[in-house]
Amino acid sequence: MEKMPYQAHADVDALVSTRPLTDASRQSNDWRTGLPELTGSLVTLRELQASDATSLFIALATAEVSRFISPPPTTVEGFGRFIAWTHRQRAAGQYVCFAIVPRGSDVAVGLFQVRSLEPDFGTAEWGFALASELWGTGMFADGARLTIEFTFDVIGSYRLEARAAIKNGRGSGALQKIGAVREGVLRKSLLRNGEFLDQCVWTILAEEWRDGAAAWGDQMIH
Ligand SMILES: CC(C)(COP(=O)(O)OP(=O)(O)OC[C@H]1O[C@@H](n2cnc3c(N)ncnc32)[C@H](O)[C@@H]1OP(=O)(O)O)[C@@H](O)C(=O)NCCC(=O)NCCS
């Protein structure tokens with residue numbers, strides 16, 4: 001498997017076919033040939049396009065956004081190569097990457113990435129980043145719900161993991177807010193700016209999500 005260029009696998013047909021299909025999955029269970037557009041109340045998630053390289057560079061290649069995550073590309077051309085890589089990985093059934101696009105716009109301002117941690121995508125890992133001007137707007141939570149439902153209902157994963165540096169208060173707060181459970185500490189698991197950072201694993205289980213146990217409260221739309 002090619003290495004993910006930065007943070008943010010699969011014969012999933014059998015898994016998908018054993019699960020109740022949502023409208024989204026009926027439209028898109030062949031996600032390896034192309035991602036569907038997912039519409040929330042504040043954002044749309046869609047496949048990355050080559051033309052997103054500039055806006056993603058502006059949104060994500062800042063010190064503030066990249067402080068606690070694996071370093072994003074440092075040039076527009078680097079983002080272009082990253083976008084091409086996401087398409088190859090999706091076609092191989094290893095990974096999906098959605099652009100976050102505010103409703104009413106077509107400008108990509110962030111990403112949700114999901115990769116398989118095992119051959120059948122049973123366990124998946126996700127990562128996300130959003131332009132700092134849009135932090136605290138609710139766009140993260142809106143896009144997170146769409147990504148989680150896609151991962152459980154369409155890809156067919158049963159467990160979704162995220163890693164967040166303990167020093168990343170905002171990333172950890174975002175995960176806690178959407179109902180992820182903090183499971184454990186990965187000591188010195190991320191080297192960033194010459195410092196080894198401890199990270200926590202935060203998880204969401206499909207069964208808990210479907211039971212509404214994830215703490216979405218009134219925001220939960222099923
Ligand atoms: C992670 C990210 C996408 C979340 O989006 P966001 O818009 O900032 O998230 P939200 O504001 O909806 O949620 C963050 C929550 O953490 C809380 N928070 C902020 N700083 C915090 C801190 N130091 N400690 C604990 N919680 C904190 C916020 O108050 C908010 O909770 P609230 O809405 O209940 O007030 C965005 O911050 C980002 O792109 N960060 C940079 C990349 C990154 O770190 N990715 C995550 C890797 S795990």
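The values are calculated or read from the model by the stated rules, or taken from the named source; none is laboratory data. All values derive from a computational prediction rather than experimental measurement. Positions of Cβ are generated from backbone atoms using ideal geometry, with glycine treated the same way; all protein chains shown enter the neighbour counts. Heads up: the accessible areas ignore ligands, DNA and RNA and are worked out on the full protein's heavy atoms, side chains in. Shrake-Rupley method; radii C 1.70, N 1.55, O 1.52, S 1.80 Å.
Which residue is most open to solvent (accessible area, probe 1.4 Å), if the candidates are limited to the range 140-166 and must be within 13 Å of the chain's Cα centre (by Cα) and of a type in the set (Phe, Trp, Tyr)? The extreme case among them is Phe140. Output the residues belonging to the range 109-139 that are more than 13 Å from the ligand (Cβ to nearest atom), on the phi < 0 side of the Ramachandran plot and more than 11 Å from the chain's Cα centre (by Cα). Selection gives Ser116, Leu117, Glu118, Pro119, Asp120, Gly122, Thr123. Filtering the range 94-122 to residues that are surrounded by fewer than 20 Cβ atoms within 10 Å (Cβ to Cβ) and either touching a Cys at 6+ places or on another chain (Cβ under 6 Å) or of a type in the set (S, T, N, Q) (or both) leaves Gln94, Ser105. Residues in the range 158-175 include none that are farther than 25 Å from Pro71 by Cα and out of contact with any strand residue (DSSP E or B) (no Cβ under 8 Å at 6 or more places or on another chain). Taking (1) open to solvent by less than 30 Å² (accessible area, probe 1.4 Å); (2) within 12 Å of the ligand (Cβ to nearest atom) in turn, Gln176 satisfies each apart from (1).
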